[in-house]
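Taking it in order: structure first as structure tokens, then the write-up.
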Amino acid sequence: MRQAGFLAAAGIYALNNNIRRLNHDHAHAALIAEALSQKSFVKQILPVETNIIIFETNGCNAPALAEKFKAENILWYAIAPNRVRLVLHLNITESMVEKTIEAIHKF
């Protein structure tokens, strides 16, 4: 791998500066998963152990669902015709999580 030092430097920075704040992302993912678990368009949520949420829709087209939330400025990714993936990260704020949960409840 050419110039792997740049990638290694980013990893070292993340390990030294962001490990403690990962708990926020994991907690936010759990809150969003809880909101999703109450919706009829969700068939199954894979276990949420980190900052990643993957769920299977219940007869709802995942790409169309992702587009509806994109209209609300909430980015989800359809990874299959009936599966959606959400990832929380450093740039996702608490207010964005609240907005996402509100949008889920409205849907």
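What follows draws every value from the coordinates through simple rules; no lab data is involved. All of these numbers come straight from a predicted model, not from anything done at the bench. So basically every Cβ, Gly included, is an ideal-geometry build from the backbone, and we count neighbours across all protein chains shown.
Select from the chain those trypsin sites (Lys or Arg not before Pro) which occupy a DSSP coil region and have at most 13 other Cβ atoms within 10 Å, ordered by residue number. Let's see the in-between values first.
Numbers: sites: 2, 20, 21, 39, 43, 68, 70, 83, 85, 99, 106; in loops: 2, 20, 21, 39.
Here the sparse-neighbourhood loop sites are 2, 20, 21.
Is the shape of the chain rounded, prolate or oblate, going by the alpha carbon gyration tensor and its root eigenvalues a ≥ b ≥ c, with a/c under 1.5 for rounded and a/b larger than b/c for prolate?
Values: a/c = 2.26, a/b = 1.76, b/c = 1.28.
Verdict is prolate for the chain.
For residue 70, project a label point 7 Å along Cα to C-beta. Then give me every residue of segment 77-107 with its amide nitrogen under 16 Å of that point.
Only 77-87 fall inside the zone, counting backbone N under 16 Å.
Add +1 for every Lys or Arg and -1 for every Asp or Glu among the other residues with Cβ under 15 Å from the Cβ of residue 68, and state the total. Can you show the working numbers first?
Working: positive: 39, 70, 99, 106; negative: 67, 72, 102.
Residues close to residue 68 contribute a combined charge of +1.
Once you keep just the Cα pairs under 8 angstrom separated by 6 or more residues, what percentage relative contact order results for the chain?
Details: 129 pairs, mean separation 26.9, N = 107.
Computed value for the chain: 25 percent relative contact order.
Quote to one decimal, in nm, the extra length available between residue 43 and residue 10 on full extension: 0.36 nm per residue of separation minus the C-alpha distance between them. Don't jump to the answer; show the numbers that get you there.
Values: separation 33, 0.36 × 33 = 11.88 nm, distance 3.74 nm.
Result for the pair: 8.1 nm of gain on full extension.
Tell me which residues come under 5 Å, amide H to amide H, from residue 43 once H is placed; ignore anything under 5 positions away on its chain.
Long-range HN contacts for residue 43: 56, 57, 58.
Just in segment 3-107: which GluC sites (Glu not before Pro) are loop by DSSP and have at most 11 other Cβ atoms within 10 Å? Spell out each step's value before the answer.
Details: sites: 34, 49, 56, 67, 72, 94, 98, 102; in loops: 49, 72.
Hits after loop and neighbour filter: 49.
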